Amino acid sequence: MSGQAFRKFLPLFDRVLVGRSATEAVTKGGIMLPEKSQGKVLQATVLAVGSGAKGKGGQIEPVSMKVGDKVFLPEYGVSKVVLEEKEYFLFRNSDILGKYTE
């Protein structure tokens, strides 16, 4: 089950669990980049979503993403979750900046 621990983790309310994409270690020209200069990865894949949060009328407003969506993340405001020695990240639905479309 290594690498699949997130399947047993269910975010609550309007939270979204994501796994960040790997950073590019080589430029298009073939130059190897040291880890410090690779920068922070702001792209991720949605791995699990909560059921939603209560709106003003008391009804549940569903999360606007689904598992498998590619999203653009803010640089700050993340909660790190470690499951089976692998890092995942929790964001509120409203904190995610955008979703990539195909």
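Observations, loosely collected:
- Applying the criterion of being in contact with an Asp or Glu (Cβ under 7 Å, 6 or more places away or on another chain), farther than 16 Å from Y88 by Cα and in a loop (DSSP other than H, G, I, E, B) to the residues of segment 40-57, the residue that is modelled with the lowest pLDDT is G55.
- Residue tally, condition free of Cβ contacts under 8 Å to residues at least 24 places away in the same chain and in contact with a Phe, Trp or Tyr (Cβ under 8 Å, 6 or more places away or on another chain), over segment 75-88: 5
Conditions tested, residue by residue: (1) more than 16 Å from Q43 (Cα to Cα); (2) not aliphatic (A, V, I, L, M).
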position	(1), (2)
G55	yes, yes
G58	yes, yes
M65	no, no
G68	no, yes
G77	no, yes
V82	yes, no
F91	no, yes
Y100	no, yes
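- Within segment 74-102, restricting attention to residues that are aromatic (F, W, Y) and in a loop (DSSP other than H, G, I, E, B), the residue that is nearest to R15 (Cα to Cα) is Y76.
- The requirement of being at pLDDT below 70, β-branched (V, I, T) and under 14 Å from the mean Cα position of the chain (by Cα) is fulfilled nowhere in segment 16-39; no residue meets it.
- Criterion: at pLDDT 75 or above, closer than 16 Å to N93 by Cα and outside any loop (DSSP other than H, G, I, E, B) - qualifying residue of V67, V71: V71
The values are calculated or read from the model by the stated rules, or taken from the named source; none is laboratory data. For clarity, every value in this text was computed on a predicted model and none was experimentally measured. No Cβ is skipped: glycine too gets one built from the backbone with ideal geometry, and neighbour counts run over all protein chains shown.
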